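Everything on this sheet refers to the single structure shown next.
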Amino acid sequence: MTPRLAAALLLTASLAALSGPAGANDSTAELGIGGISLTVTANIEMLSEDLFISPDEVRVAYRFKNRTDKDIDTIVAFPIPEIPGGEEFYYYPLPVDDAQNFVGFTVTVDGKPVTPKVEQRATANNLDRTELLASLGIPIFPTKAKDALDRLPDDKKREFEKLGLAYPEEDYETKTTKLVPAWNLRTTFWWEQTFPAGREVAVSHTYKPVVGATAGLQFDPKTAAKDNPDYVKKYCMDKAFLDGVQKMDAAAKKRDTIAAEHRLSYVLTTGANWAGNIGAFRLVVDKGRPDALVSFCGDGVKKISPTQFEMKKTDFVPEDDLKILLVKTGE
């Protein structure tokens, strides 16, 4: 792995940026989900962050401290990147069958479970259309909205097309034209939080990542450095990794299977408004299987188990998004 600054936490109050879909029919897209954000943070410092990322689970544990002599009441938010509507929505392999909590998000504060509130909004052409959908009884979760769209009167269907909320598509089974939901879905978990004066508060959360995947490889490991330099740079692929992928792919083809990509991402930012840097930061990336290959950008990364890689930093300021590329066979 080429030394570069790597993973951390989303520290702004703004929504996390979306990691774009792969754009092919045989691909699924990942969501670059980040950590929690606070609406008021100027007097709260992050003493530590412990971040664990695997294809099956993301776990983050923080210790915060209110440095003032007064309690601070604020909103803590966990934003999910906006998911585009239309056919692209179906490229996202959402890990939990729950229209509101499709990433299985959980949170505890000082060891006690907290039930966060959930806000979901629908946007089209940069305008919020949540209330319009609700007034017509149309579910905001796109995959649950098709039947309701079919029941709309013709004038409303034309209005939805005009507003960019839907577009017509032929149903090849019934030979009829149906509307496809086209609005973007924005989901945010949030709760009210008190940071007592002069005290530490432990906050942790878990969720299941939305893992992107491709049936095969989007790059040729033999020529990637020349033909796909941006992709190589994105995941800091070194020669050892590319040689390993080439060997794995050749062996897989002899067994009549393929080496396939799996992508994870975690949104970072330098727009932090905490009181100071992250005091102690620890990242662990778990590739899941000993025979899988992994590449990501990191500085001082070391292997701590057959599947895990660790990076530790003090007085840490995140500067880049974390992009993890896994290559494995048999799936």
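The values are calculated or read from the model by the stated rules, or taken from the named source; none is laboratory data. Bear in mind that the values here come from a model prediction, so they are computed numbers and not experimental data. We place every Cβ from the backbone using ideal geometry, glycine too, and count neighbours over all the protein chains shown.
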Look through segment 161-199, keep the residues that are of a type in the set (D, E, K, R) and surrounded by 15 or more Cβ atoms within 10 Å (Cβ to Cβ), and return whichever of them is farthest from ALA42 (Cα to Cα).
-> LYS178
From the list TYR62, TYR92, which residue is within 30 Å of TRP183 (Cα to Cα), in contact (Cβ under 8 Å) with a residue 60 or more places away in the chain, out of contact with any Cys (no Cβ under 7 Å at 6 or more places or on another chain) and surrounded by 17 or more Cβ atoms within 10 Å (Cβ to Cβ)?
-> TYR92
Hey, does segment 236-245 have a residue that's modelled with pLDDT of 90 or more, crowded, with 17+ Cβ neighbours inside 10 Å and closer than 16 Å to GLU319 by Cα?
-> yes
Residue list for segment 40-94, filter: among the acidic types (Asp, Glu) and under 14 Å from the mean Cα position of the chain (by Cα) = ASP56, GLU57, GLU82
Residue among TYR266, TYR207 that alone is out of contact with any Leu (no Cβ under 9 Å at 6 or more places or on another chain) and of a type in the set (Phe, Trp, Tyr) = TYR207
